[in-house]
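Chemist: After the structure tokens below, expect a handful of questions from me.
The values are calculated or read from the model by the stated rules, or taken from the named source; none is laboratory data. What you see is a predicted model; the values in this text were computed from it and never measured. In this analysis, Cβ positions are derived from the backbone assuming ideal geometry, glycine residues included, and neighbour counts consider all displayed protein chains. All accessible areas refer to the heavy atoms of the entire protein, side chains included, with ligands and DNA or RNA removed. Shrake-Rupley method; radii C 1.70, N 1.55, O 1.52, S 1.80 Å.
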Amino acid sequence: MLAWLKRWFARPVGVAPAGPVDPIMAAVAIGLLGFGIVMVYSASTVEAAVGFGDPQYYLKRQSAFGAAALAVMLLMSRFDYHRFRPLTYPILIAVTAMLMMS
């Protein structure tokens with residue numbers, strides 16, 4: 001399993017190493033994430049208090065998902081996206097199937 005991961009994350013020949021994170025793009029992404037969390041909290045405080053007895057239930061839940069999303073974003077920013085090319089159609093079919101199930 002480890003050899004497979006090393007091959008998958010290895011850089012192809014001729015591809016430059018990943019540079020630093022663009023600070024403006026990172027700030028915009030984090031700002032939008034924070035704004036979304038505040039909006040979820042603002043819209044769901046009463047419902048969470050009535051349904052769960054904790055007004056911050058949805059705030060905590062959304063914050064946990066936001067932290068996980070930032071971690072995935074950081075990991076994926078270091079990943080060469082060209083490696084997904086062979087998986088284009090399987091990913092497209094999987095996403096379409098998930099959308100049809102919802």
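Chemist: Evaluate the range 55-65: report whether one residue or more is outside any helix (DSSP H, G or I) and more than 24 Å from the chain's Cα centre (by Cα).
Modeler: Within the range 55-65 (the criterion being outside any helix (DSSP H, G or I) and more than 24 Å from the chain's Cα centre (by Cα)), the answer is yes, since at least one residue qualifies.
Chemist: I need the full set of residues from the range 16-52 which are of a type in the set (S, T, N, Q) and either under 17 Å from the mean Cα position of the chain (by Cα) or surrounded by 12 or more Cβ atoms within 10 Å (Cβ to Cβ) (or both), in order please.
Modeler: The answer is S44, T45.
Chemist: Let me ask another. I'm trying to understand the selection: among the residues of the range 66-102, which are part of a helix (DSSP H, G or I) and either of a type in the set (S, T, N, Q) or in contact with a Ser or Thr (Cβ under 8 Å, 6 or more places away or on another chain) (or both)?
Modeler: Going through the range 66-102, the residues part of a helix (DSSP H, G or I) turn out to be 66-77, 81-101.
S77, T88, T96, listed by residue number.
Chemist: Return the pair list, or none, for Cβ contacts closer than 6 Å from residues in the range 58-87 that are over 15 Å from I30 (Cβ atoms) to residues that are part of a helix (DSSP H, G or I) and open to solvent by 60 Å² or more (accessible area, probe 1.4 Å), at least 6 apart or on different chains.
Modeler: L59/Y41
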